[in-house]
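The values are calculated or read from the model by the stated rules, or taken from the named source; none is laboratory data. This one's a predicted model, so the numbers in the text were calculated from it and none came from an experiment. FYI the Cβ positions are ideal-geometry reconstructions off the backbone, even for glycines, and counts take in every protein chain you see. These accessible areas exclude ligands, DNA and RNA; they are computed on the full protein's heavy atoms, side chains included. Shrake-Rupley method; radii C 1.70, N 1.55, O 1.52, S 1.80 Å.
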Amino acid sequence: MHFLSFLLAFIDKLLRYTLDKSGLKGVKIIASDNLWEPITMCMLIDQELHDAIDVIGAHYPGTLTVSEALMSDKQLWSSEDYSTFNDDVGGGCWARILNQNYVNGRMTATISWNLIASYYEELPFGRDGLMTAEEPWSGNYVVESPIWITAHTTQFTQPGWTYLQTVGHLLNGGSYVALTDGLGNLTIVIETMTHDHSVCIRPPLPAFNVSAQNATFNLKGSFSSLEMLQVWYSRFDFKTNKSKFFQKLEPIKLSRGSFTLNLNVDEVYTLTTLKTGNKGTYPKPPDSAPFPKQYKDNFNVRKYRSSICILHHLKYLKNYSTHII
């Protein structure tokens, strides 16, 4: 409790004051990068703390939030999430939480830990990145399924876009979100990930069911006049291992703002007014190879001077703390 009091006092009495005094009023504070509580309750009873914090960030919230966070009228972020082995189940985890963090918890940002798994796989959380590049000696890398799942959202939205309130769960399981730039553009992201194919490393995932379904969407207001939407599609295939990721399909025609999709399980759709989507290409990675059995290094490395010390960067070797008992 003493530490909590210190942390809260540091945020609203010292950190915000120091940033403002240093001409950094534009630097925002995200807190507390832990659980929703106790920071949200403290913000409700301490106006100075409430004013100092711009975004409430929680780690691994399981797509859920708490009522106090919603009452704060602050932006809510999942400020660290995913951290899951990046096979196709990891891709399914990412697809589910990218949508349902907003649907269930009204979180407008989901930050993956980590972006690229560039450390030895034998270490804790091996391959828990959106892609893998863990062999600098061979140059091998693997573009994993979470990269393409990310594109379903990030290629068709930008900072400043807002979620529409008409988001939710599909009748037979799965979820959908809709975002707009406020200038007439619309992006809808749909996922139908099943439980066993979307388990994240944490927290435990309660049971739920998803089955094939027809889903009809009726656009209202200014979007009711839209006549066509671009379509991008991914399908996880856990039976024959013939998954398809981020494929462009034929545009879908709307009738009086309405369209119907035949949805199967473990799929992701993006429907958008934007025509800028592009899967892109990348060169074939060098073949994976073990670290060479014969390795020489003269340790004449470049020195990088920092404000604290001179850092000696070795090409492939890294010191780790060890404890011998």
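Observations on the model:
- Within the range 218-244: backbone nitrogen closer than 14 Å to the Thr260 label point (7 Å, Cα to C-beta): 218
- Once the C-beta distance of His169 and Lys244 is scaled by a Förster radius of 25 Å, the resulting FRET efficiency is 0.55 to the nearest 0.05.
- Counting Lys and Arg as +1 and Asp and Glu as -1 over every other residue whose Cβ lies under 12 Å from the Cβ of Asp33, the net charge comes to -2.
- Each Cα pair under 8 Å and six or more residues apart adds its sequence gap; the mean of these over the residue count of the chain is a relative contact order of 14 percent.
- Magnitude of the charge dipole, the range 102-230, Cβ model with Lys/Arg +1 and Asp/Glu -1, debye to 20: 560 debye
- Residue-span extension gain [Glu37 to Ala9] - 0.36 nm each, minus C-alpha spacing: 8.5 nm
- Size of charge dipole - the chain - debye, nearest 20, with Cβ of Lys, Arg +1 and Asp, Glu -1, no other charges: 960 debye
- Largest-first ellipsoid semi-axes for the range 61-103, taking √(5λ) over the Cα gyration tensor eigenvalues, angstrom: 24, 9, 7
- Relative packing of 145-151, 291-297, which averages over residues the other C-beta atoms within 10 Å, highest first: 145-151, 291-297
- In this simple spin-label model, placing a label point 7 Å from the Cα along the Cα-to-Cβ direction at both Lys275 and Asp287 gives a separation of 4.4 nm.
- At 1.567 mPa s and 4 °C, Stokes D of the range 101-159 from Kirkwood alpha-carbon radius, µm² per second: 99 µm²/s
- The chain, accessible area per residue, ligands and nucleic acids excluded (1.4 Å, Å²): 58 Å²
- Within-11-Å neighbourhood charge of Val103 [Cβ basis; K, R +1; D, E -1]: +1
- Residue by residue, the range 131-142 carries 3J(HN,Hα) couplings of 8, 10, 8, 10, 10, x, 6, 9, x, 5, 8, 10 Hz when phi is fed to the Karplus relation 6.51 cos²θ - 1.76 cosθ + 1.60 (θ = phi - 60°); x denotes Gly or Pro.
- Projected label points at Ala109 and Tyr316, each 7 Å from Cα along the beta carbon direction, are separated by 3.8 nanometres.
- Over 28 Å apart at the Cα level, from the set Lys220/Lys275; Lys253/Lys279; Lys239/Lys293; Lys25/Lys74; Lys25/Lys279; Lys74/Lys279, are Lys239/Lys293; Lys25/Lys279; Lys74/Lys279.
- Dividing the C-alpha radius of gyration of the range 166-223 by 2.2 N^0.38 Å, with N its residue count, gives 1.39.
- Cut-off 16 Å, label 7 Å out along Cα→Cβ of Asn209, residues of the range 153-192 by amide N: 170-174
- Backbone amide hydrogens, once placed in the peptide plane, bring Asn114 within less than 5 Å of Ser83, Gly129, Leu130, excluding anything fewer than 5 places away on its chain.
- Sequence-distant residues sharing a close amide H with Ser32 (under 5 Å, placed H): Gly57
- Accessible surface of the chain, 1.4 Å probe, proportion on carbon and sulfur as whole %: 56 percent
- Rg to Rh, two decimals, where the range 1-98 supplies the alpha carbon set and Rh follows Kirkwood: 1.06
- Order by protection proxy (mean Cβ within 10 Å, highest first), peptides 179-192, 275-288: 179-192, 275-288
- Inter-centroid distance (Cα atoms) of the range 35-93 relative to the range 164-241, Å: 22 Å
- Over the chain, all Cα pairs binned in 10 Å intervals from 0 give whole-percent P(r) values of 5, 21, 27, 24, 16, 6, 1, 0, listed from short to long.
- Only one residue of Ile116, Gly139, Leu261 has its Cα farthest out toward the positive end of the dipole of the chain, where Lys and Arg carry +1 and Asp and Glu -1 on Cβ, and that residue is Gly139.
- Applying the Karplus relation 6.51 cos²θ - 1.76 cosθ + 1.60 with θ = phi - 60° to the range 69-82 yields 3J(HN,Hα) values of 5, 5, 5, 6, 6, 9, 4, 10, 10, 8, 7, 7, 7, 6 Hz, where x marks Gly and Pro.
- Estimated at the nearest 10 Å², the accessible area of His195 is 40 Å² with a 1.4 Å probe.
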